[in-house]
Structure formats: C-alpha cells, structure tokens
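**Student:** Sending over a structure as structure tokens; questions will come in a sec.
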C-alpha cells in the first residue's frame, strides 16, 4: 500500500477534526495504508490550495457540500478542471433528492450523508484509491 494524501474541506471545525482523526486512525492505516491529511476550512481556501503547488499531490478530496463563499460543487468543478482524475467524496448534512445526477454532473466518486460511520468514510477512501476514475 502506498502513502496517500487526502485533502479534507469543511467549514465546521468539529466535523473537520473528526474526519481528520478518522483518516489518521490506526483503523484507517490498517485498511488503507498510511494516510496523510491536509485540511481547508472552507471552499475558497480549498480552491487556493488546489491551485497552489500542493494541489497536484492530492490523491483524494473529501468535500463538504454546504460552505460559504464557495460550496463543495464549486470546489469539485475547479478540482476536476485542474486534475480530471482526482477522486472526490462529497459529504452533506442535508442530502439532495437528485444526488445521483449531481454525482455524474460533478464527477463525484461518492456522496455521503452526515453523520457517517468512521468505517464508511475509510471504505469510501479505499474504494477511491483502489478503483480510480
């Protein structure tokens, strides 16, 4: 298993911290391998990160859908324009009825409703790196 870098983007500090803890956990390491994590506290910060020198190092992007200034869809659109093959997992506290359409429209690999189980997130990341688009 290779080391991977996951960029986690959420404007909620508690969700961001929990997600980072899950991805850095021994369970994640046993399941996926060594996971490095970077984080951004909102969509605009994520866009700047992706457009910067570290952007091309991201193996998986975990995005909150609802954020001020730039939502998860705006970030996904820019991420895919820069790195067409980057896997994206969209998370949301309020799932949309047309989520399957949004997945295809924005090139998402997974769409997860919050709260989600730690193992569900780990499995989603594992699937993204095992079966890239």
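**Student:** For the range 89-133, what class follows from the C-alpha gyration tensor (a ≥ b ≥ c being the square roots of its eigenvalues): rounded when a/c is under 1.5, otherwise prolate if a/b is larger than b/c, else oblate?
**Tutor:** Oblate, because a/c is 1.5 or more while a/b does not exceed b/c.
**Student:** If you find the alpha carbon centre of the range 86-112 and of the range 38-74, how far apart are they in angstrom?
**Tutor:** If you average the Cα positions of each part, the centres end up 15 Å apart.
**Student:** Same structure again: Got the relative contact order for the chain handy, in percent, Cα pairs under 8 Å and 6 or more residues apart?
**Tutor:** Details: 228 pairs, mean separation 31.8, N = 133.
The value is 24 percent.
**Student:** Take peptides 65-74, 22-31 and line them up by average Cβ neighbours within 10 Å, highest first, as a rough protection proxy.
**Tutor:** Answer by packing, highest mean first, reads 65-74, 22-31.
**Student:** Here is a further query. May I ask for the Kirkwood hydrodynamic radius of the chain, worked out over all distinct Cα pairs and given in angstroms to one decimal?
**Tutor:** Radius from the Kirkwood sum: 14.4 Å.
**Student:** Could you tell me what a quarter of the Cα convex hull surface of the range 17-64 works out to, in nm² with one decimal place?
**Tutor:** Across all orientations, the range 17-64 yields a mean hull projection of 3.5 nm².
Where a number appears in this text, it was derived from the coordinates with a stated rule and is not lab data. All values reported here derive from a predicted model rather than from experimental measurement. In this analysis, Cβ positions are derived from the backbone assuming ideal geometry, glycine residues included, and neighbour counts consider all displayed protein chains.
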